[in-house]
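Throughout, read-outs are computed from the coordinates displayed, never taken from laboratory work. As the structure is a computational prediction, the values presented were derived from the model and not from experiment. Cβ coordinates were reconstructed from backbone atoms using ideal geometry, including for glycine residues, and neighbour counts include every protein chain displayed.
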Amino acid sequence: MKILMRFLLALVPIAVLLLIVTTNVRVATNSIALYNLLFDRYNVAEGTGILAADLPDVGREFQDYFGNDVELLQVNAQVFGVEQQLLSDKEVIHMADVKQVINLTFRLQEGAGIFLLAMMLGAVAVYRRGALWEISGWVQWGALIAILFVLVVGFISLVAFGPLFTAFHQLAFTNDFWLLDPRTDYLLKLFPFGFWRDMTLLIGLATLLEGVVLFLVGRRLTRQDRRDSQASFASN
């Protein structure tokens, strides 16, 4: 029983890291405002021949696909005024693979949240008045791990995002359908390399800021709990 508890406690900071990162990934994945910002930044309308006014609708089709039960994505849009299917068979299959990865990320977020909630309720039941001290410690350790994770991955992204991007695809996918041609494949025209680099950096920045805030909140909770304990002890 003690071994199980130690194992669960060791997972808490990791769960905090997972919850922060996967939540930011989920927000970014579903943010049409972010898509539009990056579409504009990388001149996607000019590169694809799709009107800038139509790009938000195209972006929403991708976002809707990640949340629905449709197996294969079909996206139609006017390219230089001619209605056409944007994705080739290879791209459609790759998007099905991407959907699996995205859904796994969302399930990790939900699982981490449920696990942390259960652990906090357990801490309240076991430690009672000392629960705040215990939980604040978890928050601080999780925040520190998140900060360290972002600093390491962020540094690698800044100096070698290309190899990191390639390594991710090699690990995440069991086929080579992600090897597309930017001259002909609309997935790369819509979502160029810089799109993913900027999104990754924004997710990292959000995670870093949230990690710092959580660490400061954890420290404040720890100090508050210490003061409350001292006051309680003095009154007795």
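See the values below:
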| item | result |
| --- | --- |
| Residue in segment 76-120 that is farthest from A28 (Cα to Cα), counting only those that are in contact (Cβ under 8 Å) with a residue 60 or more places away in the chain and more than 22 Å from the chain's Cα centre (by Cα) | M119 |
| Odd one out for L180, checked against (1) surrounded by 17 or more Cβ atoms within 10 Å (Cβ to Cβ); (2) more than 25 Å from Q74 (Cα to Cα); (3) aliphatic (A, V, I, L, M) | (2) |
| Of all residues making up segment 99-136, the number that are touching a helix residue (DSSP H, G or I) at 6+ places or on another chain (Cβ under 8 Å) and closer than 22 Å to W196 by Cα | 8 |
